[in-house]
Amino acid sequence: MGTGIPHHIHMPKSSVPSGGDTCDRSVADHDSYVEVRTVLVRRELSRKEEEERFLAEARRKGTIPSTCMDCSKPIEEVRLRSLPGARRCIRCESAREPVGPMQRRIGYV
């Protein structure tokens, strides 16, 4: 079962002395996991705040972009009508959304 942590993020080694029991190691592993997840959540929040600042400035100037920030292709007109601040096309935004076990079970992935 996966941890939900991207493979390029390395969890720190356990800080439990070699004499610690299984429970001590389990607690230390959990603490390390929580630290890594906290870093990932903070990065995501920072990225979202940056996007919100960009959109606020674009709205102020009246220059909301109509091309995807990831693939540089035009954002679908229907998407821009329903979500005027969209910065990604449907395909790129879908690729960024987390996929949970329910989506896997019902065949979305």
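The values are calculated or read from the model by the stated rules, or taken from the named source; none is laboratory data. Remember, predicted model here, so these are calculated numbers, not experimental data. Here Cβ is always computed from backbone atoms with ideal geometry, including for glycine, and neighbour counts include all displayed protein chains.
With the requirement that a residue be part of a loop (DSSP other than H, G, I, E, B), modelled with pLDDT under 90 and surrounded by 11 or more Cβ atoms within 10 Å (Cβ to Cβ), what does region 89-99 give you?
Val99
Identify, by number, the condition in (1) at pLDDT 85 or above; (2) not in a loop (DSSP other than H, G, I, E, B) that Cys71 doesn't meet.
Cys71 satisfies every listed condition except (2).
Keeping to region 44-64, report how many residues are loosely packed, with under 12 Cβ neighbours inside 10 Å and either among the aliphatic types (A, V, I, L, M) or touching a strand residue (DSSP E or B) at 6+ places or on another chain (Cβ under 9 Å) (or both).
Counting residues in region 44-64 that are loosely packed, with under 12 Cβ neighbours inside 10 Å and either among the aliphatic types (A, V, I, L, M) or touching a strand residue (DSSP E or B) at 6+ places or on another chain (Cβ under 9 Å) (or both) gives 2.
Looking for whichever is at pLDDT below 85 and either within 30 Å of Thr63 (Cα to Cα) or surrounded by 10 or more Cβ atoms within 10 Å (Cβ to Cβ) (or both) here; the options are Val41, Val27, Val36. Which one fits?
Val27
Just checking, which of Asp24, Asp70 is touching a residue at least 12 places away in the same chain (Cβ under 8 Å) and not polar (S, T, N, Q)?
Unique residue meeting the criteria: Asp70.
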